[in-house]
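The structure appears right after this line, and notes come after that.
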Amino acid sequence: MRLHNDYSDDGVFWRGGAWPPYDDRGMEEVGRVVATCHRHRIQVVPVVPYFSIYEYHPEVPGFAENADQWTRSADPAGTLLHNPVRNGEYGVQMCPMSGWLEKRKRDVEKAYREFGFDGIYFDWVEPLPCNNRAHAGGLHSGTDGVIDLLAWTRRLIGPGGVLFLHSGIGVTPIVFENFGDVLITMEDLAYRQEMLRLPDIPVTGFLGEDLPRVPCPSYRTDLNKERNQNNIAVWVALGVFPMWRATGPSTATTGGPGYDLTLKLFHTFQPYELENYRLHHALSGAVRTGWEDIYGAVYGSPDQALVVLSNVNAARRRNVPWRVEPEALVTKLRRGSE
Ligand SMILES: [Zn+2]
């Protein structure tokens, strides 16, 4: 279970940098939910609070005193960079190369210890340039600060804690990935109007990865079911599984046709325990089909193979010929002139 509550129109939400994040009743409710999950041994998907690495909400006490010193700036005037959402905002962008880093660590530790969370979820896991002269002599990136925060958090939660990394950019530095357990990615594709196609997937979505990828579903509300149906058809051929509500942006409520599709997908694959298989994805050439828009992938193990066929065309296909290419399943070793 994941607590993600960074904005709500009714004003009841966890403001970046706030402690306590809720009134007494709200704090008790979070504690009750955490305890209930632990009582039912919900450990596989831990209760995780959401933290944005960069956002500090202006309504939080202390903001006025510290914002000018800690803010990330991109112009000579040091204009504050607000991240608006509907009638409010998520917060103002701070720079992890400032006193904000220690503040953020204290926020994370308080939440982790007082609620007994099993892990941490960071959004904005990316380096952002800053020219605030209070932090460095000139233009600098937030890279060292992000590494510091992630390394510190890994020490806090230990090797058994779960660290979600969420990145809005197509390529996340691998040094960031080294600290995490899973990478939430492809959010840059979530708002697009066109239907997702396999060539749109960044190559880092399935090659050379260090962590399992979890793509963001389509956030659009028009044709939501069709969009997520299409996305799943593309992703599943690459061994990538989507997550969360799938009905709109992060402020939308959970549920809807896209969400049901995601749950159905997990239920279908759950009995196979795919972590014990080796994936040969759609671009590996392991499966040939009779249609260009029907992709094939193989999950192989010493005991059995699971072949996945995926139709990314809206039209139904019948009588689909397919075959597995055994030589594509083998890693060939070349020695000398052989
Ligand atoms: Zn800075």
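Taken together, the values in this text are just the output of simple stated rules run on the coordinates, not laboratory data. Note that this is a predicted model, so its numbers are computed, not measured. Virtual Cβ from ideal backbone geometry, glycine too; neighbours counted across all protein chains shown.
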One finds, for Glu109 and Phe269 with R0 = 35 angstrom and r their Cβ-Cβ distance, a FRET efficiency to the nearest 0.05 of 0.45
On the formula 1/(1 + (r/R0)^6), with r taken between the Cβ atoms of Gln304 and Trp152 and R0 of 51 Å, the FRET efficiency rounded to 0.05 is 0.75
Footprinting proxy, Thr185, Thr289: sorted fewest to most Cβ within 10 Å, the residues are Thr289, Thr185
Length gained if Asn87 through Asp222 is fully extended, taking 0.36 nm per residue and subtracting the Cα-Cα distance, is 46.4 nm
Longest principal axis of the chain (C-alpha) makes with the long axis of helix 100-115 (C-alpha) an angle, in degrees to the nearest 10, of 70 degrees
With -39,500 (n - 2.57) per DSSP H segment of 4 or more residues and division by the full residue count of the chain, the 222 nm estimate, nearest 500 deg cm²/dmol, is -8000 deg cm²/dmol
Mean separation of Cα contacts under 8 Å (at least 6 apart) over the residue count of the stretch 2-276, i.e. the relative contact order in percent, is 13 percent
Here P(r) for the chain, Cα-Cα distances in 10 Å bins, as whole percents, is 5, 22, 30, 24, 13, 6, 1, 0
Computed for the stretch 2-276: size of charge dipole around the Cα centre, +1 on C-beta of each Lys and Arg, -1 on C-beta of each Asp and Glu, debye to nearest 20, value 380 debye
GluC sites (Glu not before Pro) in the stretch 11-75 lying in a DSSP loop, each with at most 15 other Cβ atoms within 10 Å of its Cβ, come to Glu59
Length-normalised contact order of the stretch 116-163, Cα under 8 Å, at least 6 apart, in percent, tallies to 45 percent
Under the Karplus relation with 6.51, -1.76 and 1.60 and θ = phi - 60°, whole-Hz ³J(HN,Hα) for the stretch 302-317, x at Gly and Pro, equal x, 8, 7, 10, 10, 9, 10, 10, 9, 8, 9, 9, 5, 7, 6, 10
Per the charge dipole of the stretch 2-276 (beta-carbon charges, Lys/Arg positive, Asp/Glu negative, Cα centre), the residue among Trp100, Gly168, Ile232 reaching farthest to the positive end is Ile232
Relative contact order as a percentage, the stretch 172-227, C-alpha pairs under 8 Å and 6+ apart, gives 47 percent
Dipole check, the stretch 2-276, charges on Cβ (K,R +1; D,E -1), about Cα centroid: among Ile157, His57, Gly91 the Cα furthest to the positive pole belongs to Ile157
Whole-Å distance linking the alpha carbon centroid of the stretch 68-98 with that of the stretch 168-194 is 22 Å
